[in-house]
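The values are calculated or read from the model by the stated rules, or taken from the named source; none is laboratory data. Quick caveat: nothing in here was measured; it's all calculated off a predicted structure. Please note: Cβ atoms are built from the backbone with ideal geometry, for glycine as well, and neighbour counts cover all protein chains shown.
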Amino acid sequence: MQEQVKRTVISALVDNHSGVLVRVAGLFSRRGFNIDSLTVCETENPLYSRMTIVVPGDYTTIKQVVRQLAKLEDTKKILILDKETTISSELLLVKVQTENGERASVLKTAQAYGAKILDTAAKSVTLELTGSSQDIDVFIGHLERNGILELARTGMTALSAGDGTINQ
Amino acid sequence: MDNQKTGAQILIECLLEQKVDTVFGYPGGAVLNIYDALYEYSDQIRHVLTAHEQGAAHAADGYARATGRTGVVIATSGPGATNLVTGIANAYMDSIPMVAITGNVAVDLLGRDSFQEIDITGITMPITKHNYIVKDIETLADIVRDAFVIANSGRKGPVLIDIPKDITAKKTKYTKKEAAEKRKSLPPKEKKINLALELIKQSKKPMIYAGGGVISSECSRELVTFGERLQIPVATSMMALGCIPADHPLNLGMIGMHGTVHANLAAHKCDLLIVAGARFSDRVATSRSNFAKHAKIIHIDIDYAEFDKNVVSSVHIAGDLKEVIAELDKGLSPADHSEWLTVIEGHRKPLKKVDHSDFPHPDFVIEKVNALCKDPIVVTDVGQHQMWTAQYYPFQSPRTFLTSGGLGTMGFGLGAAIGAQAGMPDRQVVLFSGDGSFHMNLHETTTLASYGFPVIVIIMNNSVLGMVRQWQKVFYGNRFSQTDPHRKTDFVALAKAFGIDGLRIETPEDVEPVLKQAIALQKPVIIDCRISPDANVLPMIPPGGSAEEIITEM
């Protein structure tokens with residue numbers, strides 16, 4: 001096992017117009033910050049998008065990331081989501097090969113993890129799983145034995161638990 | 001309806017709202033409507049036409065540095081826009097307020113690789129505080145207004161507005177508005193102020209490292225008074241030169257790679273470093289881990305992202321420097337650090353004369369300019385001449401030394417001098433350049449000639465690319481690769497070809513009479529001043545080295 005890199009979930013409320021994603025991505029690349037995953041979509045207020053960015057790195061790096069992000073004109077609000085009080089989820093679509101009589105075992109795994117079966121074809125099935133990134137890692141690990149043909153995952157999206165919101 | 005105006009007219013109206021009276025630029029296809037409006041408003045806005053858009057961008061930058069106001073530059077789409085890039089980057093690196101306006105092809109031609117189309121907002125994202133492309137005329141006026149607010153608020157910097165040609169032609173209703181105030185920065189946090197006060201009170205060997213923030217916050221006087229009350233010596237980055245008079249007893253001079261020995265040693269030995277509007281550039285903190293390593297650090301800056309970016313501080317205070325100094329001042333009684341000041345004095349060595357060849361010495365030329373010119377604005381290009389000017393010119397007040405700090409842009413000087421002269425018509429502007437730097441944008445001599453800007457250009461002509469050559473001498477065993485270009489340019493003849501006067505200094509005896517002649521002209525003039533190709537910039541801390549590794553002899 002590789003040494004675990006600390007990961008931080010940053011939630012940013014940004015203006016919802018074209019170019020914002022480029023500004024954020026450009027900032028990360030030119031300052032040498034890495035991104036594990038980034039999700040973005042319009043919020044309850046169509047003026048804003050919410051970005052959930054998972055960033056690997058130590059505290060010093062995260063501080064710089066947040067301060068640099070906060071400087072962008074398009075950034076309205078930025079939060080570091082605390083692991084303990086964060087609700088997070090990710091969506092996975094995965095196509096698994098089912099030749100050699102493996103269909104039954106794949107479907108059994110899907111059922112065990114509560115994955116949905118989205119498509120059944122001659123030589124494969126496509127499954128959908130929503131859950132924590134760790135759950136999805138484990139699920140993928142399990143399916144690798146059957147043979148994954150391709151997969152797509154959205155990256156983590158997250159909100160803080162409780163009544164509080166980023167708008168406050 | 002009579003309050004219907006074209007986008008181009010609205011743009012100019014919005015510039016007038018901001019009290020803009022001078023813009024720099026170059027016309028072209030995509031900005032024809034804007035230039036037509038400039039023609040219409042020519043009694044209210046002066047447009048300075050340069051030879052090349054880069055010169056216009058540097059002029060807007062020099063204008064802003066000299067006047068403290070936002071510089072404005074206009075260029076057409078495509079090559080016009082890309083030619084601005086170096087100038088915008090230069091302003092960005094030195095936090096200079098600038099609004100750059102570019103034309104673009106009409107909205108329905110965008111994204112089709114149309115003639116002279118370029119994605120300038122994409123290109124300039126990393127070198128602007130913010131940028132816009134205007135796709136709806138209804139948003140134009142507020143975008144222009146916001147651009148000025150952003151350029152001027154917090155840590156200042158350039159903002160670009162890209163306007164497609166059809167937007168400048170369309171009409172809409174325009175309602176005049178007063179220029180908005182810049183955004184107020186948050187007041188400094190009391191807790192941080194108290195932590196800083198404790199450190200200052202405990203310190204036996206404090207020192208201030210002042211940066212360009214002192215100039216942009218307009219608080220030079222406050223900083224010096226603060227230093228005087230507490231008897232804290234002040235070293236300045238190159239960007240802060242002029243914030244404390246050169247001959248002030250507390251002034252340690254410039255800190256960093258080519259700074260004074262005693263400023264650098266003081267930073268090494270102090271127990272408290274108060275960093276005022278500076279950012280620990282690698283040309284100051286040549287070694288991040290060794291810089292001021294025996295000191296606690298109080299970092300004051302308006303840009304929160306500067307804290308702990310390069311060097312970690314003990315306390316950081318975010319806010320406008322002027323307000324922070326006032327707050328700190330309130331909590332402190334006068335102090336005496338004479339013992340510490342004596343220690344620093346012990347390290348003070350007069351700067352060495354540059355060299356002893358038969359050529360005029362650069363330091364001698366610089367000292368003569370100071371003696372003969374009345375309160376000039378001194379502009380430089382980049383290289384050895386720039387460092388000599390920073391080291392030897394005894395600056396007395398802020399905004400009298402305009403130089404490319406962060407980006408180190410050779411070719412900056414002539415454009416910047418034009419901008420400074422346009423903004424400060426009553427001041428003598430002197431440009432120190434090098435033959436290398438001057439060659440990069442010498443076409444702007446034509447702008448000096450057209451407008452009669454009485455800039456004195458002094459080319460420190462050593463016939464080589466001196467700074468790079470010096471590094472080749474020190475770090476590459478005299479392997480002079482491409483630094484001796486064997487150019488045959490006759491700068492006196494060149495001046496004449498452009499329609500201005502040209503003079504030459506060949507011996508030390510020429511310096512004074514030629515300078516006097518140049519000053520008396522009150523017209524643009526180029527002085528070709530021959531200096532030795534072997535003159536070095538010293539002292540010098542090698543990159544990555546610490547203050548103790550400073551080289552004083554070569």
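Reported count of residues in region A:86-109, each being more than 21 Å from A:E128 (Cα to Cα) and either touching a strand residue (DSSP E or B) at 6+ places or on another chain (Cβ under 6 Å) or outside the structural domain of A:L129 (by TED's automatic domain parsing) (or both), is 1.
Could you tell me how many of the residues in region B:389-414 are more than 12 Å from the chain's Cα centre (by Cα) and either part of a loop (DSSP other than H, G, I, E, B) or surrounded by 24 or more Cβ atoms within 10 Å (Cβ to Cβ) (or both)? Counting residues in region B:389-414 that are more than 12 Å from the chain's Cα centre (by Cα) and either part of a loop (DSSP other than H, G, I, E, B) or surrounded by 24 or more Cβ atoms within 10 Å (Cβ to Cβ) (or both) gives 10. Give B:A292, B:A285 a once-over and let me know the one that is in a loop (DSSP other than H, G, I, E, B) and within 23 Å of B:I96 (Cβ to Cβ). Within the list B:A292, B:A285, the selection yields B:A285. The residues on offer are B:M93, B:M98, and the sole one that is within 14 Å of chain A (Cβ to nearest Cβ) and in contact (Cβ under 8 Å) with a residue 60 or more places away in the chain is B:M93.
Return the residue satisfying two criteria in turn: it lies in region B:138-156 and is surrounded by fewer than 24 Cβ atoms within 10 Å (Cβ to Cβ) and of a type in the set (G, A, S), and of such residues it is nearest to B:R183 (Cα to Cα). Looking at the filtered set, the residue picked out is B:S153. Every listed requirement among (1) outside any helix (DSSP H, G or I); (2) under 27 Å from B:A51 (Cα atoms) is met by B:N536 save one, (2). Among the candidates B:K192, B:K184, B:K205, B:K201, the residue that is closer than 26 Å to B:F226 by Cβ, surrounded by 19 or more Cβ atoms within 10 Å (Cβ to Cβ) and not β-branched (V, I, T) is uniquely B:K205. So, in region B:420-474, of the ones that are hydroxyl-bearing (S, T, Y) and over 21 Å from the mean Cα position of the chain (by Cα), which residue ends up farthest from B:T403 (Cα to Cα)? That would be B:S450.
Scan the strands (runs of 3 or more DSSP E) fully inside region B:129-219 and keep the ones with 3 or more residues being away from every other protein chain (no Cβ under 14 Å) and under 25 Å from B:V234 (Cβ atoms). If you could, list the steps in order and put the result at the bottom.
Working: elements: B:130-133, B:158-164, B:171-173, B:206-210.
Ranges flagged: B:206-210.
The condition (being away from chain B (no Cβ under 14 Å) and either touching a residue at least 24 places away in the same chain (Cβ under 8 Å) or more than 17 Å from A:V55 (Cα to Cα) (or both)) is satisfied by just one residue among A:Q134, A:Q111: A:Q111.
Within region B:102-128, the set of residues being over 30 Å from B:A240 (Cβ atoms) and of a type in the set (A, V, I, L, M) comprises B:V105, B:A106, B:V107, B:L109, B:L110, B:I118, B:I120, B:I123. Look at B:H337 and say whether it is within 27 Å of the chain's Cα centre (by Cα) and not assigned by TED's automatic domain parsing to the domain that holds B:T403. For B:H337, the condition - within 27 Å of the chain's Cα centre (by Cα) and not assigned by TED's automatic domain parsing to the domain that holds B:T403 - is not met. Listed by position, the helices (runs of 4 or more DSSP H) enclosed by region B:1-84 that each have at least 1 residues that are in the same structural domain as B:E117 (by TED's automatic domain parsing), in contact with a helix residue (DSSP H, G or I) (Cβ under 9 Å, 6 or more places away or on another chain) and closer than 27 Å to B:G406 by Cα are B:53-67, B:79-82. Residues that are at pLDDT below 95 and over 20 Å from B:L372 (Cβ atoms) number at least 1 in none of the strands (runs of 3 or more DSSP E) confined to region B:418-507.
Can you find a residue that is in contact with a Phe, Trp or Tyr (Cβ under 9 Å, 6 or more places away or on another chain), more than 17 Å from A:D15 (Cα to Cα) and in contact (Cβ under 8 Å) with a residue 24 or more places away in the chain anywhere in region A:80-102? The answer is yes; a qualifying residue exists. Against the numbered list (1) within 30 Å of B:D61 (Cα to Cα); (2) touching a strand residue (DSSP E or B) at 6+ places or on another chain (Cβ under 9 Å); (3) crowded, with 23+ Cβ neighbours inside 10 Å; (4) touching a residue at least 60 places away in the same chain (Cβ under 8 Å), B:A267 comes up short only at (1). Screening the candidates B:K135, B:K177 for the property of being touching a strand residue (DSSP E or B) at 6+ places or on another chain (Cβ under 9 Å) and more than 21 Å from B:G405 (Cα to Cα) yields one hit, B:K135.
Does region A:73-81 contain at least one residue that is in a loop (DSSP other than H, G, I, E, B), surrounded by 15 or more Cβ atoms within 10 Å (Cβ to Cβ) and within 14 Å of chain B (Cβ to nearest Cβ)? Yes, some residue in region A:73-81 is in a loop (DSSP other than H, G, I, E, B), surrounded by 15 or more Cβ atoms within 10 Å (Cβ to Cβ) and within 14 Å of chain B (Cβ to nearest Cβ). Those residues that are part of a loop (DSSP other than H, G, I, E, B) and loosely packed, with under 13 Cβ neighbours inside 10 Å, I need them from region A:10-32; list them, please. Listed by number, the residues that qualify are A:H17, A:S18, A:G32. Among residues of region B:304-352 being more than 14 Å from every other protein chain (Cβ to nearest Cβ) and in a strand (DSSP E or B), the one that is surrounded by the most Cβ atoms within 10 Å (Cβ to Cβ) is B:I317. Looking only at region B:95-108, which residues are buried (at least 24 other Cβ atoms within 10 Å of the Cβ) and outside any strand (DSSP E or B)? B:S95, B:I96, B:P97, listed by residue number. Among the residues that make up region B:250-263, is at least one of them surrounded by 20 or more Cβ atoms within 10 Å (Cβ to Cβ), within 14 Å of chain A (Cβ to nearest Cβ), farther than 21 Å from B:G544 by Cα and modelled with pLDDT of 95 or more? For region B:250-263, residues surrounded by 20 or more Cβ atoms within 10 Å (Cβ to Cβ), within 14 Å of chain A (Cβ to nearest Cβ), farther than 21 Å from B:G544 by Cα and modelled with pLDDT of 95 or more: absent.
Within the option set B:A495, B:A449, being surrounded by 15 or more Cβ atoms within 10 Å (Cβ to Cβ), small (G, A, S) and closer than 23 Å to B:P360 by Cβ holds for one residue only, B:A495.
Listed by first and then second residue, the pairs linking a residue in region B:273-287 that is farther than 23 Å from B:F226 by Cβ and of a type in the set (V, I, T) to a residue that is modelled with pLDDT of 95 or more and crowded, with 24+ Cβ neighbours inside 10 Å, with Cβ atoms under 9 Å apart and 6 or more places separating them unless they lie on different chains, are B:T286/B:G256; B:T286/B:N264. Taking region A:1-39, which residues are within 27 Å of B:K135 (Cα to Cα) and more than 12 Å from every other protein chain (Cβ to nearest Cβ)? Listed by number, the residues that qualify are A:A12, A:L13, A:V14, A:N16, A:T39. Candidates are the residues of region A:145-160 that are under 20 Å from A:S37 (Cβ atoms) and out of contact with any Asp or Glu (no Cβ under 8 Å at 6 or more places or on another chain); the one that is surrounded by the most Cβ atoms within 10 Å (Cβ to Cβ) is A:A158. In region B:21-77, which residues are surrounded by fewer than 24 Cβ atoms within 10 Å (Cβ to Cβ), more than 22 Å from the chain's Cα centre (by Cα) and among the small types (G, A, S)? Selection gives B:G28, B:G29, B:A37, B:S42. If you go through region A:40-70 and pick out every residue that is surrounded by fewer than 17 Cβ atoms within 10 Å (Cβ to Cβ) and either away from every other protein chain (no Cβ under 14 Å) or modelled with pLDDT of 95 or more (or both), you end up with 9. Number of residues in region B:109-122 that are away from chain A (no Cβ under 11 Å) and in a helix (DSSP H, G or I): the value is 2.
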